[in-house]
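The values are calculated or read from the model by the stated rules, or taken from the named source; none is laboratory data. Small disclaimer: the values here were computed from a predicted structure and weren't measured. So basically every Cβ, Gly included, is an ideal-geometry build from the backbone, and we count neighbours across all protein chains shown.
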Amino acid sequence: MTSLLTNASAITALQNLNATNRSMQTTQDRISTGMRVANASDNAAYWAIATTMRSDNSALSTVKDALGMGTATVDVTSSAMTSTSDLVSQIKAKLVAAREPGLDRTKVQAEISQLQKQLKSVADSSVFSGENWLSVDSGSAGFNTVKSIVSSFTRSAGSITVGTIDVDIDATKLYDANGQLGILDKSRTLNTTTGSVDALDISSLTDSSADQATLDDYIGIVDSALTDIISAASDLGAVKNRITMQTTFVANLMDSVTKGVGQLVDADMSQESTRLQALQVQQQLGVQSLSIANQNSQQILSLFK
């Protein structure tokens, strides 16, 4: 039926043109933003997953920063421990030299005293971001011998877990203001001699057999402390290696999460470019079809001539 009131062909052509325009708008939005899923209305499931993964990736970035802080703290502590090892070795060498009969031990003690002061200075200055793991006060409020470095952020079945790398500084501290229980300030007993690296004094020792035995005991006490320092430095080295490995893992994990999010929401620009060209052709054809459909009404007039 031919009708002046209802142009079915024009209605169909207009619907097709509107659909083409909507598809073109969607494609242009994807090209301009670079995203296939920019908001929840594009794909609710993918948008929710991507948003959660981005949030977790932000948390991983904070974990990476925390690992960097931990690395710096361990580096400062390790450097100080290396210097401490050298200084204690020098004290040990001075004590061995003092074993020589007739030597002026007062002068040797003057050198040892300077080394002892330097040891305390090294421990007190080994601070990074307010953290000192070598010179502590275990009696202070809130003190904890276990220092935790944030190392991971995990989401599993809706539950969140924050992992840490723990360092027990009870085995690394050199000085402890509460009870003198550090490696250098705690009292050690060897045979009948009791003393600490921090407080030993040989200025009053003579060449008597008893004093020579005491000097030998002092050498043993310093050597025992040096063994503890080497062990503590080794433990710190192991912690540093673990932090380095975890930092690398977290960086790789962040890259993987970023790639995963991209797979979900990023637009394929080659595909969108091809689609845009096809839609532009469809749009032109739609306009022409609508124009032809509108001309059909004009042709009805010829029937009445």
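Some points to look at:
- Residue in segment 222-234 that is farther than 30 Å from R99 by Cα and touching a residue at least 12 places away in the same chain (Cβ under 8 Å) present: no
- Of all the criteria given as (1) at pLDDT 90 or above; (2) buried (at least 18 other Cβ atoms within 10 Å of the Cβ), the one not satisfied by R36 is (1).
- Residue match in segment 253-262 (condition: of a type in the set (A, V, I, L, M), under 30 Å from A19 (Cα atoms) and surrounded by fewer than 13 Cβ atoms within 10 Å (Cβ to Cβ)): no
- If you filter segment 80-101 down to residues that are without any contact (Cβ under 8 Å) to a residue 12 or more places away in the chain and not in a loop (DSSP other than H, G, I, E, B), you find that the one that is nearest to D124 (Cα to Cα) is D86.
Matching residues to (1) of a type outside the set (D, E); (2) part of a helix (DSSP H, G or I); (3) buried (at least 18 other Cβ atoms within 10 Å of the Cβ); (4) outside the structural domain of N132 (by TED's automatic domain parsing):
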{"site": "R54", "(1), (2), (3), (4)": "yes, yes, no, no"}
{"site": "G70", "(1), (2), (3), (4)": "yes, yes, yes, no"}
{"site": "V74", "(1), (2), (3), (4)": "yes, yes, yes, no"}
{"site": "T77", "(1), (2), (3), (4)": "yes, yes, yes, no"}
{"site": "L103", "(1), (2), (3), (4)": "yes, no, no, no"}
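- Scan of segment 225-278 for residues that are of a type in the set (D, E) and over 19 Å from R30 (Cβ atoms), ordered by number: D228, D235, D255
- Count - residues of segment 183-231 that are outside any loop (DSSP other than H, G, I, E, B) and out of contact with any helix residue (DSSP H, G or I) (no Cβ under 7 Å at 6 or more places or on another chain): 16
- Members of segment 251-294 found to be assigned to a helix (DSSP H, G or I) and of a type in the set (G, A, S), listed by number: A251, S256, G260, G262, S270, S273, A278, G286, S289, S291, A293
- Candidate set from segment 194-208 (those that are surrounded by 14 or more Cβ atoms within 10 Å (Cβ to Cβ) and either free of Cβ contacts under 8 Å to residues at least 60 places away in the same chain or β-branched (V, I, T) (or both)); member that is farthest from W133 (Cα to Cα): I202
- D211 being of a type in the set (D, E, K, R), free of Cβ contacts under 8 Å to residues at least 12 places away in the same chain and surrounded by fewer than 16 Cβ atoms within 10 Å (Cβ to Cβ): yes
- For segment 30-49, a residue qualifies if it is outside any helix (DSSP H, G or I), more than 32 Å from the chain's Cα centre (by Cα) and farther than 10 Å from L264 by Cβ, and the qualifying residues are S41, D42.
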